[in-house]
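The structure under discussion appears below in the form of structure tokens.
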Amino acid sequence: MVTPRAAMMDVRELTGTDRIEETPGCLLFAPLRLRSVTLRNRIMASPMCQYASDDGMPQDWHLAHLGRLAIGGSALVFHEETAVEARGRKTHHCAGLWRDDQIPAFARIADLIRQCGAVPAIQLGHAGAKASAHGAMRDWAKLRPEDAADGLSPWSAISPSGIATSRDGPDPETLDAAGIESVICAWGAAAARAARAGFEVLEIHGAHGYLIQQFLSEVTNRRTDDWGGPRENRMRFALAVTHEVRRNWPAHLPLFFRVSAVDGKGGLWDLDDTVALAAELRTLGVDMVDCSSGGLSGTSAMPIVPRVPGYHLPFARAVRERAGIATVGVGLIREPAQAEAALRDGSVDIVALARELMYHADWPVHAAQALGEPDPFTLFPESFAFRLRRREEVAGYACNMPADALPSDVVSKIEST
Ligand SMILES: Cc1cc2nc3c(=O)[nH]c(=O)nc-3n(C[C@H](O)[C@H](O)[C@H](O)COP(=O)(O)O)c2cc1C
């Protein structure tokens with residue numbers, strides 16, 4: 001029988017990631033090499049849309065938000081989903097990289113993340129039929145002509161078959177063959193811009209019911225040409241996008257792909273489909289499949305994925321074992337021991353956190369402490385680490401001794417702290 005540990009090594013050999021030597025320490029804090037990029041640990045700050053961009057460009061808010069995550073010790077810090085075309089944004093305030101003059105705003109973000117010790121990463125996406133909406137805090141209500149008075153004019157969304165993904169909006173346009181080719185080119189151009197901005201990892205957003213998933217799932221793809229029908233045709237768009245992105249993204253940099261391992265409640269795309277897709281992605285040079293779920297609902301018997309701790313980890317494990325590709329797992333990962341177990345049991349190669357890091361940006365440092373890592377503060381930039389190490393030393397004495405019994409070197413440290 002193949003042990004989970006052995007399975008993990010097989011995957012690394014297949015994907016070109018480094019073998020992990022048996023280590024007495026935690027896997028969560030073991031570095032991971034992916035192509036030319038070395039991650040200082042296995043913690044990824046998952047992409048999180050902020051709805052705070054201006055004309056596609058990230059603002060000071062993004063610097064603060066992503067800087068906080070990089071300072072907190074995550075190895076890989078993702079800039080939110082960034083649209084490859086203006087019409088591929090969900091909202092007017094989503095990020096986008098559809099023009100060259102947008103690159104400097106992104107370069108500022110990538111530089112800051114790197115300066116804070118993390119690897120800067122970016123997720124590219126296209127909302128397809130889910131475009132032209134208000135944000136999450138207004139439950140994705142579709143923009144209406146009357147929203148123009150607030151500077152929020154609606155625009156025409158695109159989709160594989162003109163099928164709306166929500167009940168309250170106009171039907172999206174159906175892409176013709178030339179339109180599909182032009183969207184694929186837009187993905188490649190945006191990937192090249194992301195490289196010029198200095199990002200070192202790129203993720204294709206193929207999940208959450210956006211354009212790629214709209215092609216994958218029969219819920220929204222009813223085409224009868226080469227882009228629809230049997231699964232191999234429905235996968236064609238995802239694979240063409242991946243091919244184009246890989247062609248435009250430097251060969252020495254890693255490429256991730258986020259999947260909805262299964263559609264949402266009543267959907268049609270299932271885990272077997274995802275395994276088949278992941279195997280194809282591997283041959284196209286994808287290094288990691290990032291396993292999420294949902295985004296498209298239908299009328300089948302497919303159940304909703306219950307939101308229990310680590311709810312996507314079983315999908316990630318199945319993809320890893322059956323498609324032979326490294327995986328990221330996301331979804332209610334909050335406990336250090338849970339994260340370590342997911343790596344040890346062969347479910348994932350990287351754990352991704354979103355809401356926990358919003359709440360607790362320095363979760364990696366606390367996780368390192370909880371798991372008994374020798375110098376947890378090393379995850380912070382040195383200016384923080386120096387002060388905090390000194391505070392620990394001083395606090396250790398100060399709790400246990402009266403002030404006049406403290407050794408002189410400790411007193412001098414207290415005085416200089
Ligand atoms: C504020 C917020 C914004 C998000 N934006 C994105 C996004 O841009 N792209 C994406 O793939 N997922 C996005 N997600 C989903 C997260 O990346 C993550 O998959 C999900 O929140 C589950 O992880 P968690 O339980 O650790 O929060 C977002 C989640 C939150 C909370």
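The values are calculated or read from the model by the stated rules, or taken from the named source; none is laboratory data. Bear in mind the structure is a predicted one, so any value in this text is a computation, not a measurement. As a convention, Cβ positions derive from the backbone with ideal geometry for all residues, glycine included, and neighbour counts pool all protein chains shown. Quick note on the areas: whole protein, heavy atoms, side chains included, nothing else; ligands and nucleic acids left out. Shrake-Rupley method; radii C 1.70, N 1.55, O 1.52, S 1.80 Å.
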Across segment 27-47, the tally of residues that are touching a helix residue (DSSP H, G or I) at 6+ places or on another chain (Cβ under 7 Å) and either under 30 Å from Asp100 (Cβ atoms) or modelled with pLDDT under 95 (or both) stands at 1
For strands (runs of 3 or more DSSP E) lying entirely in segment 287-383, having 1 or more residues that are polar (S, T, N, Q) and within 18 Å of Val275 (Cα to Cα) picks out 288-292, 326-330
The number of residues in segment 284-307 that are within 21 Å of the chain's Cα centre (by Cα), away from the ligand (no atom under 16 Å from the Cβ) and open to solvent by 10 Å² or more (accessible area, probe 1.4 Å) is 2
- Query: Has segment 56-75 got at least one residue that is outside any strand (DSSP E or B), surrounded by fewer than 24 Cβ atoms within 10 Å (Cβ to Cβ) and within 11 Å of the ligand (Cβ to nearest atom)?
  - Reply: yes
Residues of segment 206-245 being open to solvent by 30 Å² or more (accessible area, probe 1.4 Å) and at positive phi, in sequence order, are His208, Gly229
Considering segment 346-359, residues that are in contact (Cβ under 8 Å) with a residue 60 or more places away in the chain and either open to solvent by 20 Å² or more (accessible area, probe 1.4 Å) or not assigned by TED's automatic domain parsing to the domain that holds Phe257 (or both), and then whichever is nearest to the ligand (Cβ to nearest atom), we arrive at Ala354
- Task: Confirm whether Asp263 is within 16 Å of the ligand (Cβ to nearest atom), within 24 Å of Ala190 (Cα to Cα), buried (at least 16 other Cβ atoms within 10 Å of the Cβ) and of a type in the set (Asp, Glu).
- Result: no
Does Leu253 satisfy being farther than 21 Å from Gly324 by Cβ, open to solvent by less than 30 Å² (accessible area, probe 1.4 Å), within 16 Å of the ligand (Cβ to nearest atom) and in a loop (DSSP other than H, G, I, E, B)? no
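Assess whether Gly117 counts as being away from the ligand (no atom under 16 Å from the Cβ) and closer than 30 Å to Val365 by Cβ.
Values: away from the ligand (no atom under 16 Å from the Cβ): yes; closer than 30 Å to Val365 by Cβ: yes.
Taking the combined requirement at face value, the residue satisfies it.
Hey, any hits in segment 68-77 for a residue that's aliphatic (A, V, I, L, M) and within 28 Å of Cys185 (Cβ to Cβ)? I'd like the intermediate steps shown before the answer.
Step one: list which residues in segment 68-77 are aliphatic (A, V, I, L, M), which gives 69-71, 75-77.
Remaining after also requiring within 28 Å of Cys185 (Cβ to Cβ): 76.
Scanning segment 68-77, I find at least one residue that is aliphatic (A, V, I, L, M) and within 28 Å of Cys185 (Cβ to Cβ), so the answer is yes.
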Going through (1) at pLDDT below 95; (2) within 21 Å of the chain's Cα centre (by Cα); (3) assigned to a loop (DSSP other than H, G, I, E, B) one by one, Ala164 fails only at (2)
